[in-house]
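Remarks on the structure that follows.
The values are calculated or read from the model by the stated rules, or taken from the named source; none is laboratory data. Owing to the predicted nature of the structure, the values given are computational and were not obtained by experimental measurement. Cβ placement follows ideal geometry from the backbone for every residue including glycine, while neighbour counts extend to all protein chains displayed.
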Amino acid sequence: MKTKDQFLLENLYQKILLLEFSKPINLTPEIFQNKIKDIYDLEKKSFDAGTQDEDDLIDDSMQPNFLGYCLMDNDELKAFIYGFDARDQIPIVNDSLNDYLDEITFYGGHDKEKLKQIVGLMNNNNTFYVSNFAAFDEYKGSIALGRMVFSFLSELKNKGFKYLLFDGRKDTMNLIFKGESLNQKRISNAGLNMVATTSPDQYDSSMLTLMEFI
């Protein structure tokens, strides 16, 4: 039976391997389409409901201002995050405002009127919609995965995006919240502030989460 020290050393060794051999790279539309089967398989493994088919995924890569990052290990896809301009999501946000207003929690002095103002500016290419984020279990919580996400967020900020919109599933929301409270340190370290989020639906996801770059 392994001792606690042996277990910790093996765990540290595995994390070092993940960091050394899994580098974040830009998920260009070309790489995306070449790796479409791997992306589909990882998404299907990660989500119990709402999985897109391969044609839908390829359509994502052709959306305005598409941007993504992935982790590769010996040409094997281990994690990815991507999205595109949020203009097409305006009807969804408006539906959430109209249908789920009582379930929206606002942060940092934001309220319904400020949220409407933000939504009204989404046609100005200032809001990015994160469509998909998935990773194999052994990569969740790893430094390599964190580096991929930070590379992704840094490029978005450098491109001039002001807001980040996404539908956060359980694993994503666990990164943002610590119990029922915001994990403010982690959010700030990522260069973000929370604006608003709704209560989880039956799939354990947030129907609307909006953050702003700082």
For the condition assigned to a helix (DSSP H, G or I), of a type in the set (Asp, Glu) and either at pLDDT below 80 or more than 18 Å from the chain's Cα centre (by Cα) (or both), what is the one hit in Glu43, Glu30?
Glu30
Residue count for segment 103-136, restricted to those that are free of Cβ contacts under 8 Å to residues at least 24 places away in the same chain and among the hydroxyl-bearing types (Ser, Thr, Tyr)
0
Filtered residues of segment 97-139 (kept if of a type in the set (D, E, K, R) and either surrounded by 16 or more Cβ atoms within 10 Å (Cβ to Cβ) or more than 30 Å from Asp41 (Cα to Cα) (or both)):
Asp99, Asp102, Glu103, Asp111, Lys112, Glu113, Lys114, Lys116
Could you list, in sequence order, the residues of segment 161-208 that are at pLDDT below 90, in a loop (DSSP other than H, G, I, E, B) and hydrophobic (A, V, I, L, M, F, W, C)?
Met207, Leu208
What about Met211, is it assigned to a strand (DSSP E or B), surrounded by 20 or more Cβ atoms within 10 Å (Cβ to Cβ) and in contact (Cβ under 8 Å) with a residue 60 or more places away in the chain?
no
